[in-house]
Amino acid sequence: DVKVTQSSRYLVKRTGEKVFLECVQDMDHENMFWYRQDPGLGLRLIYFSYDVKMKEKGDIPEGYSVSREKKERFSLILESASTNQTSMYLCASSLRGLEETQYFGPGTRLLVL
Amino acid sequence: QKEVEQNSGPLSVPEGAIASLNCTYSDRGSQSFFWYRQYSGKSPELIMFIYSNGDKEDGRFTAQLNKASQYVSLLIRDSQPSDSATYLCLVNAGNNRKLIWGLGTSLAVNP
């Protein structure tokens, strides 16, 4: 059974703080994704990684960075959190190839005050 | 025109009826198509994927793909209240190898 875990279910941070969201998968997947999901806007891709140390910008990368030092771990970093980054953050992983099924973590609901 | 469009709903059907969910896409080079289900407060989970024109059945679910008309549908037979969720369409747009999500259709199955 594929398991994708995220470091926190709920997180409250202050404006300007540096925020780390961690995602770990245990199925040796090559691809990992970070999304945010907001009402009326759907799932939006922030960053995508297809291999260790490799990353591609998604649709809304501004204000975010990512790190993938190990295959199983993909971190999302908010360099200086802002209130408009309050959202549900979802991590997903898949085998190599965009035709592969994505498996999602439980999500982190982030509130930036 | 949005690249992947779904009717936001809510689509309301009585228990036992067939629910029909539709998704249209704009990139004719799109190659693979996915339906995910998302319960309120939960993460999306895959229901089905389809690559070829025609129907693909899995239990009570049938995915239908028509590349000429650029739509993919999901039929849920014998709908149950537990099918009440938002259904997301994901398209692998082949030309630039981009994954595009629809905004989802909310389905309510009434007992």
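Exactly one residue out of B:Ser79, B:Ser106, B:Ser69 is within 14 Å of chain A (Cβ to nearest Cβ) and out of contact with any Cys (no Cβ under 9 Å at 6 or more places or on another chain): that is B:Ser106. Taking the criterion of being within 12 Å of chain B (Cβ to nearest Cβ) and touching an Asp or Glu at 6+ places or on another chain (Cβ under 9 Å), the residues of region A:64-92 that qualify are A:Met88, A:Cys91. Restricting attention to region B:17-33, the residues that are away from chain A (no Cβ under 11 Å), under 9 Å from the mean Cα position of the chain (by Cα) and of a type in the set (Phe, Trp, Tyr) total 0.
Tell me which residues, restricted to region B:68-91, are closer than 19 Å to A:Arg44 by Cβ and out of contact with any Gly (no Cβ under 9 Å at 6 or more places or on another chain). Selection gives nothing.
The criterion of being hydrophobic (A, V, I, L, M, F, W, C), within 14 Å of another protein chain (Cβ to nearest Cβ), surrounded by fewer than 20 Cβ atoms within 10 Å (Cβ to Cβ) and over 14 Å from the mean Cα position of the chain (by Cα) holds for A:Leu41.
Name the residue, out of A:Thr86, A:Thr108, that is touching a strand residue (DSSP E or B) at 6+ places or on another chain (Cβ under 7 Å), more than 20 Å from A:Lys55 (Cβ to Cβ) and not aliphatic (A, V, I, L, M).
A:Thr86
In the set A:Ile46, A:Ile60, only one residue is in a loop (DSSP other than H, G, I, E, B), under 23 Å from B:Gly41 (Cβ atoms) and more than 9 Å from every other protein chain (Cβ to nearest Cβ); that residue is A:Ile60. Might you check whether a residue that is assigned to a strand (DSSP E or B) and under 30 Å from B:Asn7 (Cβ atoms) occurs anywhere in region A:12-21? Checking region A:12-21: not a single residue is assigned to a strand (DSSP E or B) and under 30 Å from B:Asn7 (Cβ atoms). Determine, yes or no, whether B:Tyr36 is of a type in the set (Phe, Trp, Tyr), within 14 Å of chain A (Cβ to nearest Cβ) and more than 27 Å from A:Tyr89 (Cβ to Cβ). No; evaluated as a whole, the condition is false for this residue. For region A:68-94, residues that are outside any loop (DSSP other than H, G, I, E, B) and among the acidic types (Asp, Glu) total 1.
Residues in region A:101-108: is at least one more than 30 Å from B:Gly29 (Cβ to Cβ), of a type in the set (S, T, N, Q) and either assigned to a loop (DSSP other than H, G, I, E, B) or within 14 Å of chain B (Cβ to nearest Cβ) (or both)? Yes; the residues of region A:101-108 include at least one that is more than 30 Å from B:Gly29 (Cβ to Cβ), of a type in the set (S, T, N, Q) and either assigned to a loop (DSSP other than H, G, I, E, B) or within 14 Å of chain B (Cβ to nearest Cβ) (or both).
None of the figures in this text is laboratory data; all of them are computed from the coordinates on show. Predicted model, so just to flag it, every value in this text is computed and none were measured. FYI the Cβ positions are ideal-geometry reconstructions off the backbone, even for glycines, and counts take in every protein chain you see.
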